[in-house]
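Participant: Pasting a structure here, questions to come.
The values are calculated or read from the model by the stated rules, or taken from the named source; none is laboratory data. All values reported here derive from a predicted model rather than from experimental measurement. Here the Cβ positions follow ideal geometry from the backbone for every residue, glycine too, while neighbour counts run over all protein chains shown.
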Amino acid sequence: MEDTRDDSPTGGEERFDVFVQWQRGKPHEYAETILAPDAEMALLHAKRNIDVRGDPLSIWVAPQNAMAKSAANDPALRPSTDRSYRQPAGYSAGGGEGE
Amino acid sequence: MTLDSLPAESQEDIQAFLLAIADDDFLMGDRLMTRWLSQGPTLEEDTAMASIAQDEMGHARLWYEVVAAQRDETVDDLAFGRPPATRRNTVLVERPFGDYADTVVRSAIYHAAERVLLAAMSDGDVEALASRADVALNEETYHREHAAMWLDRLPASEEGRRRVERAIEPNARAAADTFAFDSEVAATLTAQGVLGADVDSLREAWAGRISDQLGGLPVDATPEEIRSWLESEPDPNGRAGEHTDALDEITRTHQAGLAGRP
(Lines give C-alpha, C1' and ligand atoms only; values in the text may rest on other atoms or scores of the structure.)
Protein backbone atom coordinates (compact mmCIF):
# COMPACT_ATOMS: atom_id res chain seq x y z
CA MET A 1 0.00 0.00 0.00
CA GLU A 2 1.27 3.47 -0.80
CA ASP A 3 2.75 5.60 1.89
CA THR A 4 0.78 8.79 2.39
CA ARG A 5 2.70 10.41 5.17
CA ASP A 6 3.60 13.55 3.21
CA ASP A 7 0.09 14.09 1.93
CA SER A 8 -2.62 15.95 3.73
CA PRO A 9 -5.78 13.81 3.65
CA THR A 10 -7.81 16.46 1.88
CA GLY A 11 -5.02 18.49 0.34
CA GLY A 12 -6.61 21.68 1.65
CA GLU A 13 -6.10 22.57 5.28
CA GLU A 14 -6.51 26.13 6.55
CA ARG A 15 -5.64 27.88 9.81
CA PHE A 16 -8.20 28.34 12.53
CA ASP A 17 -7.72 30.41 15.68
CA VAL A 18 -9.14 28.79 18.80
CA PHE A 19 -10.70 30.80 21.65
CA VAL A 20 -11.56 29.28 25.00
CA GLN A 21 -13.79 30.46 27.82
CA TRP A 22 -12.59 28.97 31.10
CA GLN A 23 -14.97 30.66 33.54
CA ARG A 24 -18.54 31.86 33.35
CA GLY A 25 -18.71 35.61 32.73
CA LYS A 26 -15.08 35.79 31.56
CA PRO A 27 -14.15 36.44 27.94
CA HIS A 28 -13.02 33.80 25.48
CA GLU A 29 -9.26 34.01 25.17
CA TYR A 30 -7.03 33.00 22.31
CA ALA A 31 -5.57 29.53 22.97
CA GLU A 32 -3.96 28.14 19.83
CA THR A 33 -4.01 27.98 16.06
CA ILE A 34 -4.77 24.70 14.34
CA LEU A 35 -4.92 23.38 10.80
CA ALA A 36 -8.11 21.74 9.60
CA PRO A 37 -10.01 21.27 6.34
CA ASP A 38 -13.06 23.14 7.67
CA ALA A 39 -14.62 24.67 10.79
CA GLU A 40 -16.41 21.54 11.96
CA MET A 41 -13.20 19.51 11.93
CA ALA A 42 -11.30 22.42 13.50
CA LEU A 43 -13.76 22.44 16.38
CA LEU A 44 -13.40 18.67 16.85
CA HIS A 45 -9.61 19.00 17.14
CA ALA A 46 -9.84 22.09 19.33
CA LYS A 47 -12.27 20.46 21.76
CA ARG A 48 -9.99 17.50 22.17
CA ASN A 49 -6.78 19.55 22.47
CA ILE A 50 -8.30 21.88 25.04
CA ASP A 51 -10.30 19.42 27.14
CA VAL A 52 -7.23 17.36 28.02
CA ARG A 53 -5.70 20.51 29.53
CA GLY A 54 -8.53 21.57 31.76
CA ASP A 55 -12.21 22.09 32.13
CA PRO A 56 -13.33 24.65 29.54
CA LEU A 57 -16.86 26.06 29.38
CA SER A 58 -16.93 26.88 25.70
CA ILE A 59 -14.69 26.84 22.63
CA TRP A 60 -14.89 28.96 19.49
CA VAL A 61 -12.95 28.51 16.29
CA ALA A 62 -12.68 31.09 13.53
CA PRO A 63 -10.82 30.89 10.23
CA GLN A 64 -7.78 33.10 10.58
CA ASN A 65 -8.37 34.76 7.21
CA ALA A 66 -11.91 35.77 8.25
CA MET A 67 -10.59 38.09 10.93
CA ALA A 68 -9.32 41.61 10.23
CA LYS A 69 -6.26 42.17 12.39
CA SER A 70 -4.30 45.31 13.21
CA ALA A 71 -0.65 45.44 12.23
CA ALA A 72 2.07 45.02 14.83
CA ASN A 73 2.91 48.41 16.43
CA ASP A 74 -0.04 50.09 14.73
CA PRO A 75 0.53 53.82 15.55
CA ALA A 76 -3.25 54.39 15.79
CA LEU A 77 -3.26 52.22 18.90
CA ARG A 78 -0.73 54.48 20.66
CA PRO A 79 -2.19 57.59 22.31
CA SER A 80 -0.48 60.79 21.18
CA THR A 81 -1.67 63.03 24.00
CA ASP A 82 -1.95 62.59 27.73
CA ARG A 83 -5.27 60.88 28.28
CA SER A 84 -4.96 60.29 31.98
CA TYR A 85 -7.79 62.80 32.62
CA ARG A 86 -10.14 60.27 31.01
CA GLN A 87 -9.42 57.69 33.67
CA PRO A 88 -12.09 57.46 36.39
CA ALA A 89 -9.28 57.63 38.94
CA GLY A 90 -8.93 61.30 37.99
CA TYR A 91 -12.24 62.12 39.65
CA SER A 92 -13.08 61.96 43.32
CA ALA A 93 -16.34 60.33 44.23
CA GLY A 94 -18.57 62.43 46.51
CA GLY A 95 -17.48 64.87 49.21
CA GLY A 96 -17.75 67.85 46.84
CA GLU A 97 -19.18 71.36 47.44
CA GLY A 98 -22.84 71.60 48.40
CA GLU A 99 -22.97 68.25 50.11
CA MET B 1 -24.82 -7.76 41.29
CA THR B 2 -21.10 -8.20 41.72
CA LEU B 3 -18.82 -10.21 39.50
CA ASP B 4 -17.75 -12.49 42.37
CA SER B 5 -21.36 -13.38 43.16
CA LEU B 6 -21.78 -15.02 39.73
CA PRO B 7 -21.47 -18.83 39.66
CA ALA B 8 -17.92 -20.18 39.57
CA GLU B 9 -18.56 -22.16 36.38
CA SER B 10 -19.35 -18.98 34.45
CA GLN B 11 -16.24 -17.09 35.59
CA GLU B 12 -13.99 -18.62 32.96
CA ASP B 13 -16.34 -17.63 30.13
CA ILE B 14 -16.64 -14.10 31.46
CA GLN B 15 -12.87 -13.78 31.77
CA ALA B 16 -12.46 -15.05 28.20
CA PHE B 17 -14.85 -12.33 27.00
CA LEU B 18 -13.16 -9.59 29.02
CA LEU B 19 -9.74 -10.63 27.72
CA ALA B 20 -11.08 -10.62 24.15
CA ILE B 21 -12.33 -7.04 24.35
CA ALA B 22 -9.23 -5.96 26.29
CA ASP B 23 -7.03 -7.46 23.56
CA ASP B 24 -9.12 -5.61 20.95
CA ASP B 25 -8.52 -2.25 22.62
CA PHE B 26 -4.89 -2.99 23.44
CA LEU B 27 -3.98 -3.98 19.89
CA MET B 28 -6.03 -1.19 18.30
CA GLY B 29 -4.18 1.29 20.52
CA ASP B 30 -0.84 -0.33 19.75
CA ARG B 31 -1.46 -0.26 15.99
CA LEU B 32 -2.67 3.36 15.97
CA MET B 33 0.28 4.51 18.06
CA THR B 34 2.98 2.64 16.16
CA ARG B 35 1.62 3.56 12.73
CA TRP B 36 0.78 7.22 13.19
CA LEU B 37 2.82 8.63 16.08
CA SER B 38 4.87 11.41 14.45
CA GLN B 39 3.72 10.09 11.04
CA GLY B 40 0.25 11.65 10.89
CA PRO B 41 -0.72 13.65 7.80
CA THR B 42 -0.92 16.84 9.91
CA LEU B 43 0.17 17.63 13.45
CA GLU B 44 -3.50 17.85 14.41
CA GLU B 45 -4.22 14.36 13.08
CA ASP B 46 -1.09 13.08 14.75
CA THR B 47 -2.29 14.25 18.16
CA ALA B 48 -5.83 13.05 17.45
CA MET B 49 -4.60 9.53 16.64
CA ALA B 50 -2.25 9.48 19.64
CA SER B 51 -5.10 10.62 21.84
CA ILE B 52 -7.46 7.93 20.53
CA ALA B 53 -4.70 5.32 20.89
CA GLN B 54 -4.19 6.32 24.53
CA ASP B 55 -7.93 6.11 25.17
CA GLU B 56 -7.95 2.58 23.74
CA MET B 57 -5.03 1.59 25.96
CA GLY B 58 -7.01 2.97 28.90
CA HIS B 59 -10.05 0.91 27.93
CA ALA B 60 -7.89 -2.21 27.66
CA ARG B 61 -6.66 -1.52 31.19
CA LEU B 62 -10.24 -1.32 32.49
CA TRP B 63 -10.87 -4.94 31.46
CA TYR B 64 -7.39 -6.36 32.12
CA GLU B 65 -7.67 -5.00 35.68
CA VAL B 66 -10.85 -6.94 36.34
CA VAL B 67 -9.29 -10.21 35.14
CA ALA B 68 -5.95 -9.53 36.86
CA ALA B 69 -7.79 -9.04 40.17
CA GLN B 70 -9.49 -12.42 39.80
CA ARG B 71 -6.33 -14.26 38.83
CA ASP B 72 -2.96 -13.89 40.47
CA GLU B 73 -1.61 -11.89 37.53
CA THR B 74 -0.72 -8.31 36.70
CA VAL B 75 -2.14 -6.10 33.98
CA ASP B 76 1.26 -6.23 32.24
CA ASP B 77 1.26 -10.05 32.32
CA LEU B 78 -2.12 -10.06 30.60
CA ALA B 79 -1.33 -7.32 28.10
CA PHE B 80 2.20 -8.31 27.09
CA GLY B 81 2.79 -11.82 28.37
CA ARG B 82 0.19 -13.86 26.50
CA PRO B 83 1.19 -15.79 23.36
CA PRO B 84 -0.84 -15.24 20.15
CA ALA B 85 -2.67 -18.57 20.38
CA THR B 86 -4.30 -17.48 23.67
CA ARG B 87 -5.42 -14.10 22.30
CA ARG B 88 -9.07 -13.66 21.37
CA ASN B 89 -8.98 -10.27 19.65
CA THR B 90 -10.67 -9.72 16.31
CA VAL B 91 -8.14 -10.00 13.47
CA LEU B 92 -9.37 -6.55 12.36
CA VAL B 93 -7.13 -4.89 14.95
CA GLU B 94 -3.96 -6.92 14.43
CA ARG B 95 -3.43 -6.24 10.70
CA PRO B 96 -0.95 -3.44 10.01
CA PHE B 97 -2.49 -0.16 8.86
CA GLY B 98 -2.08 0.96 5.29
CA ASP B 99 -2.90 4.56 4.40
CA TYR B 100 -5.10 7.05 6.23
CA ALA B 101 -8.29 5.93 4.48
CA ASP B 102 -7.61 2.36 5.65
CA THR B 103 -7.18 3.67 9.20
CA VAL B 104 -10.37 5.72 9.05
CA VAL B 105 -12.48 2.89 7.60
CA ARG B 106 -11.13 0.40 10.13
CA SER B 107 -11.69 2.87 12.96
CA ALA B 108 -15.30 3.44 11.92
CA ILE B 109 -15.99 -0.33 11.85
CA TYR B 110 -14.14 -0.93 15.11
CA HIS B 111 -15.59 1.93 17.15
CA ALA B 112 -19.11 1.05 15.99
CA ALA B 113 -18.61 -2.49 17.34
CA GLU B 114 -17.07 -1.21 20.54
CA ARG B 115 -20.04 1.07 21.13
CA VAL B 116 -22.54 -1.77 20.70
CA LEU B 117 -20.64 -4.07 23.09
CA LEU B 118 -20.06 -1.36 25.69
CA ALA B 119 -23.69 -0.23 25.58
CA ALA B 120 -24.80 -3.83 26.16
CA MET B 121 -22.45 -4.10 29.16
CA SER B 122 -23.75 -0.79 30.45
CA ASP B 123 -27.29 -2.22 30.23
CA GLY B 124 -26.16 -5.43 31.95
CA ASP B 125 -26.64 -6.46 35.58
CA VAL B 126 -23.00 -6.67 36.67
CA GLU B 127 -22.34 -3.29 38.26
CA ALA B 128 -18.54 -3.42 38.19
CA LEU B 129 -18.60 -4.03 34.45
CA ALA B 130 -21.46 -1.62 33.67
CA SER B 131 -19.72 1.27 35.42
CA ARG B 132 -16.47 0.60 33.57
CA ALA B 133 -18.37 0.36 30.28
CA ASP B 134 -19.87 3.81 30.99
CA VAL B 135 -16.40 5.30 31.45
CA ALA B 136 -15.26 3.91 28.10
CA LEU B 137 -18.50 4.85 26.31
CA ASN B 138 -18.02 8.44 27.35
CA GLU B 139 -14.73 8.58 25.42
CA GLU B 140 -16.01 6.67 22.42
CA THR B 141 -18.18 9.52 21.12
CA TYR B 142 -15.11 11.43 20.02
CA HIS B 143 -13.61 8.36 18.34
CA ARG B 144 -16.74 7.84 16.25
CA GLU B 145 -17.01 11.54 15.39
CA HIS B 146 -13.41 11.62 14.24
CA ALA B 147 -13.85 8.64 11.93
CA ALA B 148 -17.25 9.84 10.66
CA MET B 149 -15.92 13.30 9.80
CA TRP B 150 -13.08 11.82 7.76
CA LEU B 151 -15.43 9.40 6.00
CA ASP B 152 -17.44 12.43 4.92
CA ARG B 153 -14.40 14.37 3.77
CA LEU B 154 -11.99 11.90 2.19
CA PRO B 155 -14.27 11.16 -0.81
CA ALA B 156 -14.26 14.90 -1.68
CA SER B 157 -11.33 14.14 -3.98
CA GLU B 158 -11.23 11.28 -6.47
CA GLU B 159 -8.05 9.92 -4.90
CA GLY B 160 -9.60 9.99 -1.43
CA ARG B 161 -12.77 8.35 -2.71
CA ARG B 162 -10.76 5.57 -4.37
CA ARG B 163 -8.71 4.96 -1.22
CA VAL B 164 -11.83 4.76 0.96
CA GLU B 165 -13.46 2.41 -1.53
CA ARG B 166 -10.56 -0.04 -1.61
CA ALA B 167 -10.32 -0.08 2.22
CA ILE B 168 -13.91 -1.19 2.79
CA GLU B 169 -13.96 -4.83 1.70
CA PRO B 170 -10.74 -6.05 3.38
CA ASN B 171 -11.63 -4.34 6.65
CA ALA B 172 -15.25 -5.50 6.59
CA ARG B 173 -14.15 -9.10 5.98
CA ALA B 174 -11.50 -8.93 8.70
CA ALA B 175 -14.16 -7.64 11.12
CA ALA B 176 -16.43 -10.63 10.44
CA ASP B 177 -15.15 -12.34 13.61
CA THR B 178 -15.98 -9.41 15.91
CA PHE B 179 -19.12 -11.08 17.31
CA ALA B 180 -18.08 -14.69 16.55
CA PHE B 181 -17.58 -15.57 20.22
CA ASP B 182 -17.60 -19.17 21.29
CA SER B 183 -21.30 -20.09 21.56
CA GLU B 184 -20.95 -21.21 25.18
CA VAL B 185 -19.23 -17.94 26.12
CA ALA B 186 -21.93 -15.95 24.30
CA ALA B 187 -24.69 -17.85 26.13
CA THR B 188 -23.06 -17.22 29.51
CA LEU B 189 -22.72 -13.48 28.84
CA THR B 190 -26.46 -13.10 28.34
CA ALA B 191 -27.56 -15.63 30.97
CA GLN B 192 -25.43 -14.02 33.69
CA GLY B 193 -26.38 -10.47 32.72
CA VAL B 194 -22.88 -9.41 31.64
CA LEU B 195 -24.56 -8.16 28.45
CA GLY B 196 -28.04 -6.67 28.45
CA ALA B 197 -28.73 -8.20 25.02
CA ASP B 198 -27.73 -11.37 23.18
CA VAL B 199 -24.65 -11.40 20.97
CA ASP B 200 -26.59 -12.09 17.74
CA SER B 201 -28.75 -9.00 18.17
CA LEU B 202 -25.62 -6.93 18.84
CA ARG B 203 -24.01 -8.22 15.66
CA GLU B 204 -27.14 -7.26 13.70
CA ALA B 205 -27.26 -3.77 15.18
CA TRP B 206 -23.58 -3.22 14.38
CA ALA B 207 -23.66 -4.70 10.86
CA GLY B 208 -26.77 -2.68 9.99
CA ARG B 209 -25.37 0.58 11.29
CA ILE B 210 -21.89 0.36 9.77
CA SER B 211 -23.04 -1.01 6.40
CA ASP B 212 -25.47 1.92 6.09
CA GLN B 213 -22.73 4.37 7.02
CA LEU B 214 -20.11 3.00 4.62
CA GLY B 215 -22.60 2.07 1.89
CA GLY B 216 -23.94 5.63 1.95
CA LEU B 217 -20.56 6.95 0.77
CA PRO B 218 -19.92 7.54 -2.96
CA VAL B 219 -18.19 4.15 -3.32
CA ASP B 220 -18.77 1.14 -5.50
CA ALA B 221 -20.26 -1.00 -2.73
CA THR B 222 -23.87 -1.16 -1.60
CA PRO B 223 -24.96 -1.44 2.04
CA GLU B 224 -26.13 -5.01 1.27
CA GLU B 225 -22.70 -6.03 -0.08
CA ILE B 226 -20.91 -4.48 2.87
CA ARG B 227 -23.27 -6.22 5.25
CA SER B 228 -22.58 -9.56 3.56
CA TRP B 229 -18.82 -9.04 4.13
CA LEU B 230 -19.37 -8.12 7.77
CA GLU B 231 -21.54 -11.19 8.24
CA SER B 232 -19.37 -13.59 6.21
CA GLU B 233 -17.78 -16.68 7.76
CA PRO B 234 -14.74 -15.32 9.64
CA ASP B 235 -11.45 -16.54 8.23
CA PRO B 236 -9.46 -16.51 10.40
CA ASN B 237 -11.64 -16.20 13.50
CA GLY B 238 -9.67 -14.30 16.13
CA ARG B 239 -12.33 -15.10 18.75
CA ALA B 240 -11.41 -18.77 18.32
CA GLY B 241 -7.70 -18.06 18.74
CA GLU B 242 -6.97 -18.03 15.00
CA HIS B 243 -4.69 -15.17 14.02
CA THR B 244 -2.55 -13.76 11.25
CA ASP B 245 1.25 -13.57 11.21
CA ALA B 246 0.90 -9.90 12.09
CA LEU B 247 0.05 -10.85 15.68
CA ASP B 248 3.23 -12.93 15.98
CA GLU B 249 5.19 -9.90 14.91
CA ILE B 250 3.52 -7.60 17.45
CA THR B 251 4.12 -10.20 20.17
CA ARG B 252 7.83 -10.46 19.31
CA THR B 253 8.14 -6.68 19.54
CA HIS B 254 6.44 -6.63 22.96
CA GLN B 255 8.56 -9.46 24.28
CA ALA B 256 11.77 -7.83 23.09
CA GLY B 257 10.60 -4.75 24.99
CA LEU B 258 9.87 -6.76 28.13
CA ALA B 259 13.26 -8.51 27.95
CA GLY B 260 14.96 -5.12 28.01
CA ARG B 261 13.03 -4.03 31.09
CA PRO B 262 15.12 -3.58 34.24
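Participant: Residues being assigned to a helix (DSSP H, G or I) and away from chain A (no Cβ under 14 Å): count how many of those fall in the range B:115-151.
Facilitator: So the answer is 19.
Participant: Still on this structure: Please go through (1) among the small types (Gly, Ala, Ser); (2) over 18 Å from B:Ala85 (Cα atoms); (3) touching a Ser or Thr at 6+ places or on another chain (Cβ under 6 Å) for B:Gly238 and return the number of the only condition it doesn't satisfy.
Facilitator: Among (1) among the small types (Gly, Ala, Ser); (2) over 18 Å from B:Ala85 (Cα atoms); (3) touching a Ser or Thr at 6+ places or on another chain (Cβ under 6 Å), the lone unmet condition for B:Gly238 is (2).
Participant: Here's something else I'd like to know. Whether any residue in the range B:189-205 is away from every other protein chain (no Cβ under 14 Å), among the aliphatic types (A, V, I, L, M) and farther than 25 Å from B:Met1 by Cα is what I want to check.
Facilitator: yes
Participant: To continue, here is another question. Suppose we filter the range B:184-234 for residues that are free of Cβ contacts under 8 Å to residues at least 12 places away in the same chain and assigned to a loop (DSSP other than H, G, I, E, B); how many remain?
Facilitator: Count: 2.
Participant: Got at least one residue in the range B:40-58 being farther than 30 Å from B:Gly160 by Cβ, within 14 Å of chain A (Cβ to nearest Cβ) and surrounded by fewer than 18 Cβ atoms within 10 Å (Cβ to Cβ)?
Facilitator: Yes, that holds for at least one residue.
Participant: Right, next: Output the residue which, of all residues in the range A:55-83 that are closer than 30 Å to B:Glu145 by Cβ and in contact with a Leu (Cβ under 9 Å, 6 or more places away or on another chain), is farthest from the other protein chains (Cβ to nearest Cβ).
Facilitator: Across the range A:55-83, the extreme among qualifying residues is A:Trp60.
Participant: Within 30 Å of B:Glu139 (Cα to Cα), modelled with pLDDT under 80 and not basic (Lys, Arg) - does that describe any residue in the range A:57-77?
Facilitator: No; the residues of the range A:57-77 include none that is within 30 Å of B:Glu139 (Cα to Cα), modelled with pLDDT under 80 and not basic (Lys, Arg).
Participant: For the condition closer than 29 Å to B:Val126 by Cα and either of a type in the set (Gly, Ala, Ser) or in contact with a Phe, Trp or Tyr (Cβ under 9 Å, 6 or more places away or on another chain) (or both), what is the one hit in B:Val66, B:Val93, B:Val104? Break it down into steps so the answer makes sense when it comes.
Facilitator: On the way: B:Val66 fails: either of a type in the set (Gly, Ala, Ser) or in contact with a Phe, Trp or Tyr (Cβ under 9 Å, 6 or more places away or on another chain) (or both); B:Val104 fails: closer than 29 Å to B:Val126 by Cα.
From the options B:Val66, B:Val93, B:Val104, the qualifying one is B:Val93.
Participant: Going by what's in this entry, would A:Gly90 be described as at negative phi and more than 14 Å from chain B (Cβ to nearest Cβ)?
Facilitator: Taking the combined requirement at face value, the residue satisfies it.
Participant: Which of the residues that make up the range B:21-39 are surrounded by 22 or more Cβ atoms within 10 Å (Cβ to Cβ) and either outside any helix (DSSP H, G or I) or touching a strand residue (DSSP E or B) at 6+ places or on another chain (Cβ under 6 Å) (or both)?
Facilitator: none
Participant: Filter the range A:38-54 down to residues that are modelled with pLDDT under 90 and in a loop (DSSP other than H, G, I, E, B) and give me whichever is nearest to the other protein chains (Cβ to nearest Cβ).
Facilitator: Looking at the filtered set, the residue picked out is A:Val52.
Participant: Please enumerate the residues belonging to the range A:37-75 that are more than 14 Å from the chain's Cα centre (by Cα) and exposed (fewer than 12 other Cβ atoms within 10 Å of the Cβ).
Facilitator: Within the range A:37-75, A:Val52, A:Arg53, A:Gly54, A:Asp55, A:Ala71, A:Ala72, A:Asn73, A:Asp74, A:Pro75 qualify.
Participant: Within the range B:1-53, can you find the residues that are within 23 Å of B:Thr178 (Cβ to Cβ) and of a type in the set (Asp, Glu)?
Facilitator: B:Glu12, B:Asp13, B:Asp23, B:Asp24, B:Asp25, B:Asp30
Participant: Could you tell me whether B:Ala113 is surrounded by 24 or more Cβ atoms within 10 Å (Cβ to Cβ) and within 11 Å of the chain's Cα centre (by Cα)?
Facilitator: For B:Ala113, the condition - surrounded by 24 or more Cβ atoms within 10 Å (Cβ to Cβ) and within 11 Å of the chain's Cα centre (by Cα) - is met.
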